[in-house]
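Scroll down for the structure; my scribbles are underneath it.
The values are calculated or read from the model by the stated rules, or taken from the named source; none is laboratory data. Keep in mind the model is a prediction, meaning the values are calculated, not measured. Note that we place each Cβ from the backbone using ideal geometry, even for glycine, and neighbour counts take in every protein chain shown. Calculation scope for accessible area: heavy atoms of the full protein, side chains included, ligands and nucleic acids excluded. Shrake-Rupley method; radii C 1.70, N 1.55, O 1.52, S 1.80 Å.
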Amino acid sequence: QLEDKKKNSMEVKPIMTRKLRRRPNDPVPIPDKRRKPLNYLLTDEQIMEDLRTLNKSPAQRFEARIEDGKLYYDKRWYHKSQAIYLESKENTKISCVISSVGANEIWVRKTSDSTKMRIYLGQLQRGVFVIRRRSAA
């Protein structure tokens, strides 16, 4: 009998976990999904085609820097409260006023709805946005 008890105690018993009821405001538990890394192999021809496409796109760089609270852009100086046109890659032309000049960005206020936009120097340098002068009238 003693040996039978020893045998039974050596058996691995599954640990029972209790499933508690969810509180109404608790988020639904997300099952842990392991994602396999995707490996795409391109042919040399596909790589060369991509490089040719990239080289065709204009990498026009604009000179843009900020000094003494003024923006130097495309060989012209711009300052706070100056009326400008802001053009984007989508060929939209927005009438704006420079509301502030920071360390590496400018804030412009659209004259149409008075909303403000932050434009980073890098965006001006890469040509994401283009600034044009506009008469204050």
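Just a few scattered comments:
- Matching residues in segment 96-110 - criterion: being open to solvent by 70 Å² or more (accessible area, probe 1.4 Å), within 15 Å of Ile66 (Cα to Cα) and either polar (S, T, N, Q) or part of a strand (DSSP E or B) (or both): Asn104, Trp107
- Taking every residue in segment 117-137 that is within 12 Å of Leu71 (Cβ to Cβ) and pairing it with any residue that is of a type in the set (Lys, Arg) and not in a strand (DSSP E or B), at least 6 positions away or on another chain, the pairs with Cβ-Cβ distances below 8 Å are Gln125/Arg61.
- Taking the numbered list (1) open to solvent by less than 80 Å² (accessible area, probe 1.4 Å); (2) among the polar types (S, T, N, Q); (3) modelled with pLDDT of 90 or more in turn, Ser81 passes all entries but (1).
- For segment 84-95, the count of residues that are among the basic types (Lys, Arg), open to solvent by 60 Å² or more (accessible area, probe 1.4 Å) and part of a loop (DSSP other than H, G, I, E, B) is at least one.
- Segment 74-83: number of residues that are within 22 Å of Ser112 (Cβ to Cβ) and outside any loop (DSSP other than H, G, I, E, B): 2
- Residues of segment 111-131 classified as in a strand (DSSP E or B) and out of contact with any Leu (no Cβ under 8 Å at 6 or more places or on another chain), total: 3
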